[in-house]
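Everything below concerns the one structure shown next.
The values are calculated or read from the model by the stated rules, or taken from the named source; none is laboratory data. Everything quoted here is computed from the prediction, not taken from an experiment. Note that each Cβ is placed from the backbone with ideal geometry, even for glycine, and that neighbours are counted across all protein chains shown. With ligands, DNA and RNA removed, areas are computed over all heavy atoms of the protein, side chains included. Shrake-Rupley method; radii C 1.70, N 1.55, O 1.52, S 1.80 Å.
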Amino acid sequence: MQVAKYLSLASIMATVAWFFWNPVGWTFEWEPIVVFLASFAAFIGFDWKDHSGARNAEGKKSPVHPSDVFLFKQLVQLLPSTSVIHFLKTHDFLGSFDRVQIRPIEEFLYEWGNAEHEFQDKDIEVLKGELYGAARQFNTLIGKYTSPNKHGFQAVRPDRYEGGDQRELEFQKEAEEIGDAADLVVNKHQEFVRAGRLKFGDGTI
């Protein structure tokens, strides 16, 4: 399109030169006028198409796949900001916790790593994948550093341990590592939700 546009512009310049050039003496001729008007009309047409195409590209939105709306609503319900995500954001993992509080994370990892739960929208699927990866890292650290205590809660500190201050420093380091992983889950979850709301609204469209 751009090549044709510039060729028509070159044709305009050539016809102007043709109209005024005459080695013997200038005389009025219709042919250059006709060619000039045709070239000018072609140039205007190409320029209008360029601007029209740019406007259409800016205003055109990618269609929303119905399954994406359904999946977005499901995932927001599974991992709401007001329960499990709030817990990950606020809990100090040096203290004990009930494993029920992170069960939605385990369900997410078990249920959402398959084709049935893939988004057709590639940008949203990438964000879901990042959230999935962060959740998997968090869950791995929970399994690595925590164990049930005598009260039935999960904790980095066992009921009895030896090692004094050095072991306590290790517990603090482990809890901090879990906390950092939890913060990443929170951040990736919020990125996913924000992007999803821009694409799908509240999941009811």
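Straightening the chain between Glu111 and Glu170 buys 17.9 nm, computed as 0.36 nm per residue apart minus the Cα-Cα spacing.
Once neighbouring chains are kept in place and the probe is 1.4 Å, which whole percent of the accessible area of the stretch 93-149 is contributed by carbon and sulfur?
C and S atoms contribute 46 percent here.
Can you give the translational diffusion coefficient of the stretch 78-205 in µm²/s, computed by Stokes-Einstein from the Kirkwood radius over Cα pairs at 25 °C and 0.890 mPa s? It would help to have the intermediate numbers written out before the result.
Details: Rh = 15.8 Å.
For the chosen part, D equals 155 µm²/s.
For the stretch 62-205, a crude dipole built from +1 on the beta carbon of Lys and Arg and -1 on the beta carbon of Asp and Glu, taken about the Cα centre, is about 260 debye to the nearest 20. Here the label points at Thr82 and Gln190, each 7 Å from Cα along the C-beta direction, are separated by 1.8 nm in the simple model.
Full extension of the chain between Gln101 and Val64 gives 10.0 nm of extra length, using 0.36 nm per residue less the Cα-Cα distance. Cα-Cα over 30 Å: which of Lys89/Lys150; Lys89/Lys128; Lys89/Lys199; Lys173/Lys199; Lys144/Lys199; Lys122/Lys144? Beyond 30 Å between Cα atoms: Lys173/Lys199; Lys144/Lys199; Lys122/Lys144.
Roughly what percent of Cα-Cα pairs across the stretch 75-119 reach past 11 Å? The proportion of pairs with Cα distances above 11 Å equals 71 percent.
Determine the per residue accessible area of the stretch 71-145 with all protein chains present and a 1.4 angstrom probe, expressed in square angstrom.
Values: 3940 Å² over 75 residues.
The answer is 53 Å² per residue.
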